[in-house]
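First comes the structure, then the notes that go with it.
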Amino acid sequence: MSGDQGGDSGEAPAPDPDEAPAQPTPDSRRAEMAAALRVIRREGWKAAVVEATVEAAVVFLLVDVLLSVTGSGVSTRVTIPLASSITLPGSAVVGAGAGLAAFAVGLWLRVRRPLVEQFETVNPAVAEALRTARDAVDDGHESRMAARLYADVLDRLRTTSSLGLIRFRRVAVMLALVLALSVAATQAAVYDVTLGGDADDSELPGDTASTEFTGLVDGDAVLGDAEDVSAGDANLTARIESTGGDDGTDTSGPFPTSGGGAGGTGEIDSQQAGFDQPELIEDAELIREYNLRIRQGSND
Amino acid sequence: MSNGVDEIQAKIERAREEVGKRIVGQADVLEQLFVCILADGNALLESNPGLGKTTMVRTVAEVTDLEFSRIQNTPDLMPSDITGTEIIRESRGDREFVFERGPVFANVVLADEINRATPKTQAALLEAMQERQVTAAGETYALPEPFFILATQNPIEQGGTYELPEAQTDRFMLKVLVDYPDYDAERDIVDIYTGVRRRVDVERVLTRDELRTAQELVREVPIADDLRDRAIQLVRRTREADGVEFGASPRASMALVLTAKARAFLQGRSHVSGADVEALAAPVLRHRILLGFRAEREGLTPDDVIEDLLE
């Protein structure tokens, strides 16, 4: 945050004395003061834009995350009219609109108060002189005392700074919020894609059946259509250790699944991992019952 | 240009120091007196006797190279005793009427105990103060420039006095209250004036032309719009304040802004600050406010009302 004449240190603007005429007239002093006031106002605009931008980013991300999580009717994707190849999630479009509105309101709130007065607030040492000089410039004063005031203010502006126009603590908090909300938005997007929390994009064959156990059903309806084992993308060997039987039945064999081969020490977990998600406990119970009956049948 | 301003400001500061050699412990009064002179106004000094008012005014005239005269007001003082009168003068056998100028024809006029003069005489003096000219026998005579009347009045011993009407007190830019000095200052006064040296010499450091230039510069001092508005609002509020029967006139608004500029100039600044307005609110307004009966019965003074308004 620095003025054109202030450098990176954020020093307040003031004309270079080397460039000033040797014998400045009241008129030239007034012009210099007017130029300095323009720079001060520009610094005020910069500070306002920075803060409003950060706040707008927070609003954008907040709206996007909330709509993504709640799925409040914005799950549809929106095609950008000017670039039909680009489609955006509805939550992102609504968030962008809210962010733009927040930016406009935030900017208006900040520039509503005169920018020179905001500069005076953060540089109280020069406040009264600067405000008087501002009014004198606006009124066109070019008297001897006005010229002296301009020279005095221009000199004192060298010791002032426009950095105070930015509330760094507020900006830091906002940036932290942006970071947190960005992570949340990414998580929401990943969840949407990989886990497919909503049934819309993740329906599998046979999933239409009720998960509540209502007795024995057809195995194909539960396990899906028969697949060619040789066409599978992975062959898993599951070893089931049984503590109840000792008939030497070879239960090893390939399972038509693409799931991870998370093996467990229990008798049932390995088969369960091969067919379906472990959290679907109803299916596990069903499979367990099938296994028990098969085992009883083989024992018989 | 700036150097010229700095030089004049330095000389005025020097003049204050010179007066301070004789007048000890009255820094605020001296400041207000110089403010009044720089603002080209007239001041009403109110104090008990023996506080050095006459010495103060005389010393100010000395250090600023101004002609000084003193008028001791009494009930039998006539207007012509102040303004002057036409007398018959004989020269080479001829007789002619010649205007003999009165004591008002000076740069600094000390009107001691002005409330002891009759209303007619007061009016003559105040007319001269306002118009900066005197009319006698159909002729108009301009008073010298610069011209100040510094009038004094005693707050006690009101018997046989003629209180100045509000319309006339309004013409005094400031009413300065001269209070007793503190112990250390009074001890210094005793040491200075009871030693071997009967008189403290002061140096003339400011010419009349420089004083006139300083007065012009004071009027050029910029004031921020909000401060000017604050001064005006303060004066306007005196007309609506509780306990005030009559408030200050627009002349008070002008006086407040101008004296604030003068104080800023006196302190070496190029702009008026809020402290200038606050410091001069009471001297500018206290003699322009007429309290109601109830406020007076409650012991309120104009300064109390002004202080409330400033808050």
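The values are calculated or read from the model by the stated rules, or taken from the named source; none is laboratory data. Because the structure is predicted, anything quoted here is derived from the model rather than measured. Glycine gets a Cβ as well: all are built from the backbone with ideal geometry, and neighbour counts include every protein chain shown.
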ask   = If you go through segment B:183-200 one residue at a time, do you hit one that is basic (Lys, Arg) and within 14 Å of chain A (Cβ to nearest Cβ)?
value = no
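Of all residues in segment B:236-251 being part of a helix (DSSP H, G or I) and either modelled with pLDDT of 95 or more or over 24 Å from B:Asp28 (Cα atoms) (or both), which is farthest from the other protein chains (Cβ to nearest Cβ)?
Here the residue is B:Arg237.
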In segment A:122-136, residues that are surrounded by fewer than 19 Cβ atoms within 10 Å (Cβ to Cβ) and either touching a strand residue (DSSP E or B) at 6+ places or on another chain (Cβ under 9 Å) or of a type in the set (Phe, Trp, Tyr) (or both) total 1
Q) Out of curiosity, is B:Thr85 closer than 25 Å to B:Met173 by Cβ and among the polar types (S, T, N, Q)? A) no
The number of residues in segment B:263-274 that are within 12 Å of chain A (Cβ to nearest Cβ) and buried (at least 20 other Cβ atoms within 10 Å of the Cβ) is 7
Note: among A:Val59, A:Val50, just one is surrounded by fewer than 20 Cβ atoms within 10 Å (Cβ to Cβ), at pLDDT 85 or above and within 21 Å of A:Ala172 (Cα to Cα), namely A:Val50
Is it fair to say B:Glu210 is assigned to a helix (DSSP H, G or I), acidic (Asp, Glu) and surrounded by fewer than 16 Cβ atoms within 10 Å (Cβ to Cβ)?
no
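Residue by residue, here is whether (1) closer than 26 Å to B:Leu38 by Cα; (2) surrounded by 13 or more Cβ atoms within 10 Å (Cβ to Cβ) holds:
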{"site": "B:Val196", "(1), (2)": "no, no"}
{"site": "B:Gln215", "(1), (2)": "yes, yes"}
{"site": "B:Ala224", "(1), (2)": "yes, yes"}
{"site": "B:Leu234", "(1), (2)": "yes, yes"}
{"site": "B:Arg237", "(1), (2)": "no, yes"}
{"site": "B:Phe246", "(1), (2)": "no, yes"}
{"site": "B:Pro250", "(1), (2)": "yes, no"}
Within segment B:275-296, the residues that are within 14 Å of chain A (Cβ to nearest Cβ) and charged (D, E, K, R) are B:Asp276, B:Glu278
Being of a type outside the set (A, V, I, L, M, F, W, C), away from chain A (no Cβ under 14 Å) and in a strand (DSSP E or B) narrows B:Thr161, B:Thr121, B:Thr140 down to just B:Thr140
request  = Could you please let me know if B:Ile88 is of a type outside the set (Phe, Trp, Tyr) and more than 24 Å from B:Arg212 (Cα to Cα)?
outcome  = yes
(1) farther than 19 Å from B:Leu77 by Cα; (2) at pLDDT 85 or above all hold for B:Ile156 apart from (2)
*asked:* Quick check on B:Ala43: is it surrounded by 21 or more Cβ atoms within 10 Å (Cβ to Cβ), touching a Cys at 6+ places or on another chain (Cβ under 6 Å) and touching a residue at least 12 places away in the same chain (Cβ under 8 Å)?
replied: yes
Within segment A:115-135, the residues that are in contact (Cβ under 8 Å) with a residue 24 or more places away in the chain, small (Gly, Ala, Ser) and within 11 Å of chain B (Cβ to nearest Cβ) are A:Ala129, A:Ala133
For segment B:117-140 the number of residues that are at pLDDT below 85 and among the hydroxyl-bearing types (Ser, Thr, Tyr) is 1
Confirm whether B:Arg198 is of a type outside the set (Gly, Ala, Ser), more than 23 Å from B:Phe265 (Cα to Cα), out of contact with any Asp or Glu (no Cβ under 6 Å at 6 or more places or on another chain) and at pLDDT 90 or above.
no
Scanning segment A:137-159 residue by residue, the ones that are touching a residue at least 40 places away in the same chain (Cβ under 8 Å), at the interface with chain B (Cβ under 9 Å from one of its Cβ atoms) and either buried (at least 24 other Cβ atoms within 10 Å of the Cβ) or more than 16 Å from B:Gly268 (Cα to Cα) (or both) total 6
Taking first residues from segment B:221-233 that are facing chain A (nearest Cβ under 7 Å) and closer than 9 Å to A:Asp135 by Cβ and second residues anywhere that are among the β-branched types (Val, Ile, Thr) and buried (at least 22 other Cβ atoms within 10 Å of the Cβ), the pairs with Cβ under 6 Å that are 6 or more apart or on different chains are B:Pro222/A:Thr132; B:Ile223/B:Val272; B:Ala224/A:Thr132
*Quick check, is A:Ala176 away from chain B (no Cβ under 14 Å) and modelled with pLDDT of 90 or more?*
yes
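Of everything in segment B:275-301, what is in a helix (DSSP H, G or I), modelled with pLDDT of 90 or more and either within 16 Å of the chain's Cα centre (by Cα) or buried (at least 16 other Cβ atoms within 10 Å of the Cβ) (or both)? Give them in sequence order.
Correct list: B:Asp276, B:Val277, B:Glu278, B:Ala279, B:Leu280, B:Ala281, B:Ala282, B:Pro283, B:Val284, B:Leu285.
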Of the residues in segment B:103-123, those that are buried (at least 23 other Cβ atoms within 10 Å of the Cβ) and without any contact (Cβ under 8 Å) to a residue 60 or more places away in the chain come to B:Val104, B:Val109, B:Leu110, B:Ala111, B:Ala117, B:Thr121, B:Gln122
